[in-house]
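Novice: Can you read through this structure? Questions will come right after.
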Amino acid sequence: MPASILVLVGSLRAESTNRKLAETFVETAAGTATASIYEHLADVPLYNEDIDRADGEPESARQLRAAIDAADALLIVTPEHNGTIPAALKNAIDWGSRPFGTSALSGKPTAVVGCAFGRYGGLWAHDEARKSLGIAGAEVLTDITLSIPGSLDRFTLTHPRDDSEVTEQLAGLKSDLLDALTERQAA
């Protein structure tokens, strides 16, 4: 059975370059893994412990946790908002992190990549996401990285799927992620 990879996109914008990058990853993974983009991050309320109860957590949060739990691995594809991770992604990490120690994120192999307009490609956000995910209990795969700079210029006329350098990088990223899963299962 092929590995399942859940892709969380930090940008909620329909035409986000990170969404396009995530779509390209999903296409690249076809045949060797089952990859899908989680489409409902915008529906999840801001994390509030008062509404996070075993007898009645919000349905959208329950669905997010179930999707994370069902996946063999996570791929986070995110831009940088004001030097850090977007609020929707941070919120997803917060919901996925509870209950701590037994959460959907606990031990989940997770890689963080993305693109941004600036010259570092969202590197600060990627580092912040790795830090937050690690604290939340995910198994952050720090060797798997991709930060594409100048995304608005690079992808204005060209979808990432039509950029041979990007598709090569994503194919390598997919192989590295699947190798990490194989190593984890063998251990």
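Novice: Over segment 38-187, what is the mean sequence separation of C-alpha contacts under 8 Å (at least six apart), divided by residue count, expressed as relative contact order in percent?
Specialist: 21 percent
Novice: Now for a different question. For segment 19-106, state which GluC sites (Glu not before Pro) are in a DSSP loop and have at most 11 other beta carbons lying within 10 Å of their beta carbon. List each step's numbers first, then the result.
Specialist: Working: sites: GLU23, GLU27, GLU39, GLU49, GLU59, GLU80; in loops: GLU39, GLU49, GLU80.
Sites meeting the loop and neighbour criteria: GLU39, GLU49.
Novice: Still on this structure: Amide H neighbours of GLU139 under 5 Å, counting only residues 5+ apart in sequence or on other chains, H built in-plane at 1.01 Å?
Specialist: GLY107, LYS108, THR110
Novice: Once the Cα atoms of helix 17-29 and of the chain are each reduced to a long axis, what angle between those two axes, in degrees from 0 to 90 to the nearest 10, is obtained?
Specialist: Once rounded, the angle reads 90 degrees.
Novice: So for the chain, Kirkwood radius off the Cα pairs, Stokes-Einstein at 25 °C and 0.890 mPa s: how many µm² s⁻¹?
Specialist: So the translational diffusion coefficient is about 149 µm²/s.
Novice: May I pose another question? Round to a whole angstrom and tell me the spacing of the C-alpha centers of segment 132-159 and segment 1-26.
Specialist: Distance between centres, Cα-based: 11 Å.
Novice: While we're on this one: Order these by the 10 Å Cβ neighbour count, fewest first: LEU46, LEU133, LEU89.
Specialist: LEU46, LEU133, LEU89
Novice: Rounded, prolate or oblate: which fits segment 6-105, taking a ≥ b ≥ c as square roots of the Cα gyration tensor eigenvalues, rounded meaning a/c under 1.5, else prolate when a/b beats b/c?
Specialist: Oblate.
Novice: Here is a follow-up. With N residues in segment 65-172, what two-decimal value do you get for its Cα radius of gyration over 2.2 N^0.38 Å? Each step should come with its number before you reach the end.
Specialist: Details: Rg = 14.4 Å, N = 108, 2.2 N^0.38 = 13.0 Å.
Compactness ratio reported: 1.10.
Novice: Going 7 Å from the Cα of GLN63 toward and past its Cβ, which residues in segment 23-41 have a backbone nitrogen under 18 Å from where you end up?
Specialist: Zone members listed by number: 36-41.
Novice: Here's another thing I want to ask about it. Neighbour counts of other C-beta atoms within 10 Å: give me LEU41, LEU21, LEU12, LEU141 arranged from fewest to most.
Specialist: Taking fewest neighbouring Cβ atoms as first place, the list is LEU12, LEU41, LEU141, LEU21.
Novice: Quick one: ILE148, ILE76, ILE135, fewest Cβ neighbours within 10 Å first, how do they rank?
Specialist: In order of increasing Cβ crowding within 10 Å: ILE135, ILE148, ILE76.
Novice: Would you work out the charge dipole size for the chain about its Cα centre, treating the Cβ of every Lys and Arg as +1 and the Cβ of every Asp and Glu as -1, and quote it to the nearest 20 debye?
Specialist: For this selection, approximately 140 debye.
Only the coordinates and a few stated rules stand behind these numbers; no lab work does. Owing to the predicted nature of the structure, the values given are computational and were not obtained by experimental measurement. Reconstructed Cβ throughout: ideal geometry from the backbone, glycine too, with neighbour counts over all protein chains shown.
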